[in-house]
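One structure is given here, and the rest of the page talks about it.
The values are calculated or read from the model by the stated rules, or taken from the named source; none is laboratory data. Just so it is clear, the model here is predicted, and its values are computed rather than measured. Cβ: placed from backbone, ideal geometry, glycine included. Neighbour counts: every protein chain shown. Heavy atoms of the whole protein, side chains included, go into the accessibility calculation; ligands, DNA and RNA do not. Shrake-Rupley method; radii C 1.70, N 1.55, O 1.52, S 1.80 Å.
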Amino acid sequence: MFHWQAEFELGITSIDNQHKKLIEIGNRINELLEYQDDEDDYNQILEVLEELKSYTDYHFKTEEELFLKYNYPEFHLHKKEHDNFIRYIDSIDVDSYEEDKTLFIRDLLQKIINWIFHHIITSDYMYKDYLVRLGAK
Ligand SMILES: [Fe+2]
Ligand SMILES: [Fe+2]
């Protein structure tokens, strides 16, 4: 179970809520570790991956729109990190799920949770003061 931590808080409510939702999706993937061998587990992993992808996409667009609106100077660097993560999600080979379900989920979780947590406390944290000062909410 992954928990929201005070250090993730940027003070921009819309973004903080979206980050919470991303962690919630991570927890849904985590729960799948318990439900393996359900007949339905393959569909569940497909479903949650689809949600991860579309929500991540939505979240990144929200941040990037704020960057453009407020002329954030690090826009391109930050967007590059987002694009790389989307590329990673696109590259996940769902077919390998059946080979070793536990390994697949553990590996997936490790990558996405590490990435999300790291990205929030480093790259997202860097725009915090800039955007808050200009009135982003
Ligand atoms: Fe973010
Ligand atoms: Fe970001």
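Consider Ser54 carefully, then state whether it is under 30 Å from Ile12 (Cβ atoms), surrounded by fewer than 16 Cβ atoms within 10 Å (Cβ to Cβ) and of a type in the set (Gly, Ala, Ser).
yes
So, in segment 25-44, exactly how many residues are within 12 Å of Leu109 (Cα to Cα) and either away from ligand 1 (no atom under 16 Å from the Cβ) or surrounded by fewer than 12 Cβ atoms within 10 Å (Cβ to Cβ) (or both)? Don't jump to the end; show me each part of the working.
Going through segment 25-44, the residues within 12 Å of Leu109 (Cα to Cα) turn out to be 25-33.
Filter once more, so that each one left must be either away from ligand 1 (no atom under 16 Å from the Cβ) or surrounded by fewer than 12 Cβ atoms within 10 Å (Cβ to Cβ) (or both): 27-33.
Adding up the residues that qualify gives 7.
Determine whether Phe60 is more than 13 Å from the chain's Cα centre (by Cα), surrounded by 12 or more Cβ atoms within 10 Å (Cβ to Cβ), within 11 Å of ligand 2 (Cβ to nearest atom) and farther than 20 Å from Glu99 by Cα. Give the derivation first.
Details: more than 13 Å from the chain's Cα centre (by Cα): no; surrounded by 12 or more Cβ atoms within 10 Å (Cβ to Cβ): yes; within 11 Å of ligand 2 (Cβ to nearest atom): yes; farther than 20 Å from Glu99 by Cα: yes.
So Phe60 does not fit the description; no.
Look through Leu68, Leu22, Leu10 and report the one residue that is touching a Phe, Trp or Tyr at 6+ places or on another chain (Cβ under 9 Å) and open to solvent by 80 Å² or more (accessible area, probe 1.4 Å).
On the way: Leu22 fails: open to solvent by 80 Å² or more (accessible area, probe 1.4 Å); Leu10 fails: open to solvent by 80 Å² or more (accessible area, probe 1.4 Å).
None of the others qualify; the one that does is Leu68.
Residue check, Tyr88 against (1) within 15 Å of ligand 2 (Cβ to nearest atom); (2) within 18 Å of the chain's Cα centre (by Cα); (3) not in a helix (DSSP H, G or I), all met but one. Which one?
Condition not satisfied by Tyr88: (3).
Among residues belonging to segment 123-136 that are part of a helix (DSSP H, G or I) and open to solvent by 50 Å² or more (accessible area, probe 1.4 Å), point out the one that is farthest from ligand 1 (Cβ to nearest atom). Before the answer, list the steps.
So the first thing to find is which residues in segment 123-136 are part of a helix (DSSP H, G or I), and the list is 123-133.
Restricting the remaining residues to those that are open to solvent by 50 Å² or more (accessible area, probe 1.4 Å) gives 125-126, 129-130, 132-133.
Details: Tyr125: 10, Met126: 11, Asp129: 15, Tyr130: 14, Val132: 14, Arg133: 18 Å.
So the residue we want is Arg133.
List the residue pairs whose Cβ atoms are under 6 Å apart, where the first residue sits in segment 52-63 and is part of a helix (DSSP H, G or I), the second is polar (S, T, N, Q) and near ligand 1 (Cβ under 8 Å from one of its atoms), and the two are 6 or more positions apart or on different chains.
His59/Gln18
Within segment 91-112, take every residue that is under 20 Å from Asp57 (Cα atoms) and away from ligand 2 (no atom under 15 Å from the Cβ) and give me the one that is surrounded by the most Cβ atoms within 10 Å (Cβ to Cβ).
If we take residues in segment 91-112 being under 20 Å from Asp57 (Cα atoms) and away from ligand 2 (no atom under 15 Å from the Cβ), then Leu108 is surrounded by the most Cβ atoms within 10 Å (Cβ to Cβ).
Please verify whether segment 99-112 includes one or more residues that are within 17 Å of Asp16 (Cβ to Cβ) and part of a helix (DSSP H, G or I).
Restricting attention to segment 99-112, the residues satisfying the condition of being within 17 Å of Asp16 (Cβ to Cβ) are none.
No, segment 99-112 contains no residue that is within 17 Å of Asp16 (Cβ to Cβ) and part of a helix (DSSP H, G or I).
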